[in-house]
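*Asks:* Have a look at the structure that comes next, please.
The values are calculated or read from the model by the stated rules, or taken from the named source; none is laboratory data. All of these numbers come straight from a predicted model, not from anything done at the bench. So basically every Cβ, Gly included, is an ideal-geometry build from the backbone, and we count neighbours across all protein chains shown. When the accessible area is computed, the model is the full protein with side chains, heavy atoms only, and any ligands, DNA or RNA have been set aside. Shrake-Rupley method; radii C 1.70, N 1.55, O 1.52, S 1.80 Å.
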2 protein chains.
Amino acid sequence: MKVIKPGVVIVGCGTVGGGTAQILWRDKSLLRERTGVDIELRKVVDLSFDHAKSLGIPEKLLSSNLDEALSDPEVGVVVELVGGMTFAKTVIEKSLRAGKCVVTANKALLAHHGNELLALARENGVAISFEASCAGGIPVIRALYDGLIANRIEALYGIVNGTCNYILTEMIQKGQSYEVALKAAQQLGFAEADPTLDVAGGDSSHKLTILASLAFGRKVDLASIPVSGIDTLSFDDVSYGSKLGYVVKLLAIAQRMKDGISLRVRPSFISKDHPLAWVSGPFNAVSIYGSAVGHTMYYGRGAGASPTGSAVVSDIVGVITGTAGIGFETLGIWPDRQSDAIQLPSEEIRSRYYVRCMVQDKPGVLARVSTIMADRGISIASVLQPEVQERDGKAVPIVITTHLAREGNIHDALREIDAQEFSREPSVWLSIVDEPNEFGGE
Amino acid sequence: MKVIKPGVVIVGCGTVGGGTAQILWRDKSLLRERTGVDIELRKVVDLSFDHAKSLGIPEKLLSSNLDEALSDPEVGVVVELVGGMTFAKTVIEKSLRAGKCVVTANKALLAHHGNELLALARENGVAISFEASCAGGIPVIRALYDGLIANRIEALYGIVNGTCNYILTEMIQKGQSYEVALKAAQQLGFAEADPTLDVAGGDSSHKLTILASLAFGRKVDLASIPVSGIDTLSFDDVSYGSKLGYVVKLLAIAQRMKDGISLRVRPSFISKDHPLAWVSGPFNAVSIYGSAVGHTMYYGRGAGASPTGSAVVSDIVGVITGTAGIGFETLGIWPDRQSDAIQLPSEEIRSRYYVRCMVQDKPGVLARVSTIMADRGISIASVLQPEVQERDGKAVPIVITTHLAREGNIHDALREIDAQEFSREPSVWLSIVDEPNEFGGE
């Protein structure tokens, strides 16, 4: 791989672009001392520069001319931080074709077009790095391609969306409803005005696509990942789960199974004793189970200008020193060179489940519910029928936890329960995620 | 840097040597697929081979002739896993002089002679890698030289000794004495027959020397690090601390201060809300605070054949692909090329403190204790005088927590308190470690 010039162009000077520019500019001498490389910020390309100017980036570095910036022979690295799927893709393609290495934090783009972009980089003899695309400042992509390279990855569980984790923490710790917690998150800047991409699980599924493809060394199909968000989560379920010893987290889950891999994004119950249960507020964490290393976890801030900038700059350093290029050329885990993952349909997932049925309060209902479940091979582990103050006529909850069951069977059973004359509201279910066998095996 | 041949010699086939050999041998095709490199285990050098044979390592790979193994031109990497300070040092020096890259897990040797060995590697144009020397399978050394390279490291707090953490967890969760917990750890293989190196803090100080030298990019002097272990910890203090909202952990602490760095190994109280408080049993974890990334934490198994082997093999892969060589040549944080750290004496540490005085139960004692502390500028934050069943004649505890104080002043105050006529036993003190300002500043 060729020598990469230490000149950098940042395209997009929003939150992360600004944070990155600030590290490169303000901490220039610190970076030189620590990295041994003289990284030079050559241009910050955007259409408006209010943010860049407020950060003290000198005017001579600001430009609206992408092509001119790319034609600079001293530029070895283009950092794409515009976000979105259209112009961002153009920026990356143009840069790769111009022989520049690319650093990006764009999880949506990578989840949809990552393999295509990786292949284009390879065609042009340059590298593409994306540590900042998952879990912000936490070096978890590096763990997958470097620190844990000696492991067959058995499972990965990620809290990879700080907005959701902040909202869930408020619900759990302060007993708030989803709506109130969301409003608090919006006021603090932890949630967007339109929070859909975060709270409905889409953002987590983008990150899961990237993490799973590296963990298993396979092409992962985003569209085939079942995704539920926290936007339909009821406080009652958070509260019943807590009584049963569980904490609810929005988990991005990747598991190696006998016949393929199982991927999903789901609000899930995990034991209060699992390290992921302790991750609160806007923090992210990823638990990775490797065949040799067992359980490791990586914790930190998953968003924000300077935490994400930290990851972007670590990629810039890797690209310029040449380690990124070697990894990109040599390692076998990059999905563009690999076959498609066998992604198991969600019906085939085997998990424990939490189920809440809302039923008429009359004799025989619990027996009927139990029979419907038993008929589908679902074995009940515990039943909690909370005391309800005024029973007359109102629906009462039956909360059930199951032993390991096939998810398709759970769906079938709940469909049948909801069709019964005693059923008052659609039943609710959540996965209960148990810690896997630490050193492999289902 | 030259191309490194993919042949590997492992010297020392004990627990970690065996684990490493097993990964290289049993998982050969997995490693080839994931790394893109055909790593070849050429020889396992030891004097006895019972363990190697029990792992299924073929006899033709077993040898007692180190010099012959080193003379093999196909060998690019020598893995030193004999441990100890004398023969291990010879193995590494011979290997480096023979132009082989070295991978080692030997924290004691690196803490004492790391700079000398790094310089010798540099002289011979080869790299030396040591991910497995700290925190076993957790890629925390990589976090310091790669993932967090864009950060000025402000502070590092490590639970880096699984034996101690196992014993402390038993004391906290089961209310056991140190002696009983130690015996349990020994029976389970978590503690050696002679546990001194672990429980007295020596092993943690070795790891702290390595971690701090990379975090701050300075030569660290092991002998100047104040070290206390858990072997003198009383269950009473664990219990009082718990009442005050703290968990006791043996912490390896490195903090950047205005005038230098402060390093120490200490059983310390941390808030029950800090992620390190949740690390239980034999697990390790390291919290690192970076100027850009804020708080990150790395969690996993700090010992054991295959977790440590995972780290050793990641180093072997880095050496053979060439990324280790580039990092070793380019980065500025390797301590052998840097100046000495300014290590502040322990008297100058500023921290909060927990103090337990054992005094005669009579009027005026608390007033006198408070006055002695106030005279040294120590401000009291809380006092806990637990009810004691039978008071007559017995010593009663006064438990005090302080605001930020200079450690030298604490020592002076306790010396004076212990000299009073009402003092019945030597006073006990422990640091209370608060989470630092996440984005820098004292």
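*Asks:* Search segment A:276-290 for residues being open to solvent by 20 Å² or more (accessible area, probe 1.4 Å) and in a loop (DSSP other than H, G, I, E, B), and hand back the single one that is farthest from the other protein chains (Cβ to nearest Cβ).
*Replies:* A:P282
*Asks:* For segment A:23-64, what are the residues that are in contact (Cβ under 8 Å) with a residue 60 or more places away in the chain and either under 31 Å from the mean Cα position of the chain (by Cα) or away from chain B (no Cβ under 11 Å) (or both)?
*Replies:* A:I23, A:L24, A:L31, A:T35, A:I39
*Asks:* Here's a follow-up. Just checking, which of A:R376, A:R350 is among the charged types (D, E, K, R), within 22 Å of the chain's Cα centre (by Cα) and over 30 Å from B:G327 (Cα atoms)?
*Replies:* Just a single option satisfies the conditions, and that option is A:R350.
*Asks:* Answer with yes or no whether A:L344 is closer than 21 Å to A:L250 by Cβ, more than 9 Å from every other protein chain (Cβ to nearest Cβ) and among the aliphatic types (A, V, I, L, M).
*Replies:* Considered against the rule, which asks whether it is closer than 21 Å to A:L250 by Cβ, more than 9 Å from every other protein chain (Cβ to nearest Cβ) and among the aliphatic types (A, V, I, L, M), A:L344 comes out as yes.
*Asks:* So how many residues does segment A:111-145 have that are more than 17 Å from the chain's Cα centre (by Cα) and more than 14 Å from chain B (Cβ to nearest Cβ)?
*Replies:* Residues that pass the stated criteria total 12.
*Asks:* Separate question: Please verify whether segment A:151-166 includes one or more residues that are hydroxyl-bearing (S, T, Y), assigned to a helix (DSSP H, G or I) and away from chain B (no Cβ under 14 Å).
*Replies:* Yes, that holds for at least one residue.
*Asks:* Among helices (runs of 4 or more DSSP H) lying entirely in segment A:167-258, which contain 3 or more residues that are within 16 Å of the chain's Cα centre (by Cα) and crowded, with 24+ Cβ neighbours inside 10 Å?
*Replies:* In segment A:167-258, the matching helices (runs of 4 or more DSSP H) lie at A:202-216.
*Asks:* Quick check on segment A:306-320. Is at least one of its residues out of contact with any Lys or Arg (no Cβ under 8 Å at 6 or more places or on another chain) and surrounded by fewer than 24 Cβ atoms within 10 Å (Cβ to Cβ)?
*Replies:* no
*Asks:* Out of all the residues in segment A:90-107, which are part of a loop (DSSP other than H, G, I, E, B) and open to solvent by 60 Å² or more (accessible area, probe 1.4 Å)?
*Replies:* The answer is none; no residue qualifies.
*Asks:* Another question about this same structure. Checking the conditions here, which among A:V75, A:V79 is within 29 Å of A:H51 (Cα to Cα), aliphatic (A, V, I, L, M), in contact (Cβ under 8 Å) with a residue 40 or more places away in the chain and touching a Gly at 6+ places or on another chain (Cβ under 6 Å)?
*Replies:* A:V75
*Asks:* Something else: Please work out if B:I128 is touching a Gly at 6+ places or on another chain (Cβ under 6 Å) and modelled with pLDDT of 95 or more.
*Replies:* Against the criterion (touching a Gly at 6+ places or on another chain (Cβ under 6 Å) and modelled with pLDDT of 95 or more), B:I128 does not qualify.
*Asks:* Which one of these does A:I326 not meet: (1) open to solvent by 40 Å² or more (accessible area, probe 1.4 Å); (2) more than 26 Å from A:H411 (Cα to Cα)?
*Replies:* (1)
*Asks:* Based on this model, can you work out whether A:S379 counts as touching a strand residue (DSSP E or B) at 6+ places or on another chain (Cβ under 9 Å) and free of Cβ contacts under 8 Å to residues at least 24 places away in the same chain?
*Replies:* no
*Asks:* Counting only residues that are of a type outside the set (S, T, N, Q) and closer than 15 Å to A:A381 by Cα, how many does segment A:392-425 have?
*Replies:* Going through segment A:392-425 one residue at a time, the tally reaches 8.
*Asks:* Here's another thing I want to ask about it. Looking at B:A155, is it open to solvent by less than 10 Å² (accessible area, probe 1.4 Å), under 22 Å from B:Y240 (Cβ atoms) and small (G, A, S)?
*Replies:* Criteria not met by B:A155.
*Asks:* Further, regarding this structure: Are any residues in segment B:259-275 open to solvent by less than 30 Å² (accessible area, probe 1.4 Å) and either within 10 Å of chain A (Cβ to nearest Cβ) or closer than 16 Å to B:A212 by Cα (or both), and if so, which ones?
*Replies:* Hits for segment B:259-275 are B:G260, B:I261, B:S262, B:L263, B:R264, B:V265, B:R266, B:H274, B:P275.
*Asks:* Looking at segment A:429-442, which of the residues that are acidic (D, E) and modelled with pLDDT of 85 or more is least open to solvent (accessible area, probe 1.4 Å)?
*Replies:* A:D434
*Asks:* Something else about it: Among the residues of segment A:296-318, is any in contact with a Pro (Cβ under 8 Å, 6 or more places away or on another chain), over 17 Å from A:G14 (Cβ atoms) and more than 7 Å from chain B (Cβ to nearest Cβ)?
*Replies:* no
*Asks:* Using the structure shown, decide if B:I349 is within 26 Å of B:H411 (Cα to Cα) and modelled with pLDDT under 95.
*Replies:* yes
*Asks:* Hey, any hits in segment B:326-338 for a residue that's assigned to a strand (DSSP E or B), within 22 Å of the chain's Cα centre (by Cα) and within 14 Å of chain A (Cβ to nearest Cβ)?
*Replies:* no
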